[in-house]
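In what follows, a single structure is set out as structure tokens and then discussed.
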Amino acid sequence: MNAIVFTGPTLGADEARKELDAIYLPPVAQGDVYRAALKQPRAIGIVDGYFDRVPSVWHKEILWAMSRGVAVFGSASMGALRAAELAPFGMIGVGRIFEDYRDGVIDADDEVAIEHGPPECGYRILSEPLVNIRQTLRQAEQDGVIASATASDLVRIATSLFYPQRSYSTLISLAHEKGLLASEVAALQAWIPTRQINQKRSDAIEMLRAMRAYLNNGSPVAANFVFERTALWDELTRTASTMDSHEYQNVQAKGLLLPVRDVHRSPVSDDSLLHTISALCVKYLRDRKTAAQTSESGEPSAHTAEPPVS
């Protein structure tokens, strides 16, 4: 086995396979890198990862994987965060977002956080990550669409929003409300649909290409540290070992829409399963739209059961 990659909303597995032949798994969570390293791949790549209502991938398990000679790459989202934190120990960070975290240009976890649909709906993205908004506004300034002062004001507006509320439509509306120069806001609104920057996607692709180069030409990785076992580490390994598989953990244990297996149910046809998934996706997205509308009216909104990803 050469490579295992954790991805989701940032870059779909089908598209990722065009860049790198690897095993693609859902967004990473605590214990997943440990389980992946047990398979003895030459490299592990982290793009997306769960947080908030699901324990995030632990630094210790990444260090353990590296101590076993596995090259661990990170980019774009959770991977960029962990790579910036573990770069001194040899984790390989790739891309603009990683560099900005490493260099202190950005430091908040919510820069890469998004609201999204469940895996059965293709992780449909329901908000825009702040890192993408920053790069888009920087490009708009370079293209002469908006002035530097306007770009700075828009970044402040976007930063003030809770991550699920960030979108270009919301940003444009708030720009009008706050009295930003109307001509520039209108020009930006017309420019965004064809010129917006998806920095997370670009960085993820760059990481896959770096992994491919490493697998083709790279030498085995030697850890520059001594891995120390702790009681917490022993507990993690015991907990992780009780899971049947990564898929079982990420779908059934996290309470997503469809269980991986249910031995008490009769088999269903592919057509029936696809129909069920489609209906659940439509219901999920309709419920999210209703929740957003309710929130805008000032009433409490329902919170999605889907763990957020960064």
Filtering the range 1-51 down to residues that are within 13 Å of the chain's Cα centre (by Cα) and assigned to a loop (DSSP other than H, G, I, E, B) yields T7, G8, P9, T10, L11, G12, P26, P27, A29, V47, D48, F51
Given the conditions (1) surrounded by fewer than 23 Cβ atoms within 10 Å (Cβ to Cβ); (2) of a type in the set (A, V, I, L, M, F, W, C); (3) within 22 Å of F225 (Cβ to Cβ), report the number of the one that A108 does not fulfil.
-> (3)
Scanning the range 185-228 for residues that are farther than 16 Å from A151 by Cβ, in contact with a helix residue (DSSP H, G or I) (Cβ under 9 Å, 6 or more places away or on another chain) and in a helix (DSSP H, G or I) gives P193, K200, R201, S202, D203, A204, I205, E206, M207, L208
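Quick one: is G90 of a type outside the set (S, T, Y) and within 16 Å of the chain's Cα centre (by Cα)? It would help to see each step written out before you state the result.
Numbers: of a type outside the set (S, T, Y): yes; within 16 Å of the chain's Cα centre (by Cα): no.
For G90, the condition - of a type outside the set (S, T, Y) and within 16 Å of the chain's Cα centre (by Cα) - is not met.
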Kindly indicate whether A13 is free of Cβ contacts under 8 Å to residues at least 60 places away in the same chain and touching a Ser or Thr at 6+ places or on another chain (Cβ under 7 Å).
-> yes
Conditions (1) touching a residue at least 12 places away in the same chain (Cβ under 8 Å); (2) assigned by TED's automatic domain parsing to the domain that holds Q30; (3) farther than 30 Å from R229 by Cβ -> A71 fails only (3)
State which residue pairs qualify: first residue acidic (D, E) and inside the range 18-45, second residue part of a loop (DSSP other than H, G, I, E, B) in any location, beta carbons under 7 Å apart, and separation of 6 or more residues or different chains.
-> D32/V57
For residues that are more than 25 Å from H59 (Cβ to Cβ), buried (at least 18 other Cβ atoms within 10 Å of the Cβ) and aliphatic (A, V, I, L, M), tally how many sit in the range 126-147.
-> 6
Please give the number of the condition P220 fails out of (1) surrounded by fewer than 17 Cβ atoms within 10 Å (Cβ to Cβ); (2) out of contact with any strand residue (DSSP E or B) (no Cβ under 9 Å at 6 or more places or on another chain); (3) of a type outside the set (S, T, Y).
-> (2)
Flagged pairs (Cβ under 7 angstrom, 6 or more apart or on separate chains; first in the range 51-63, among the acidic types (D, E); second modelled with pLDDT under 90 and assigned to a loop (DSSP other than H, G, I, E, B)) are D52/P307; D52/P308
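The values are calculated or read from the model by the stated rules, or taken from the named source; none is laboratory data. What you see is a predicted model; the values in this text were computed from it and never measured. Note that each Cβ is placed from the backbone with ideal geometry, even for glycine, and that neighbours are counted across all protein chains shown.
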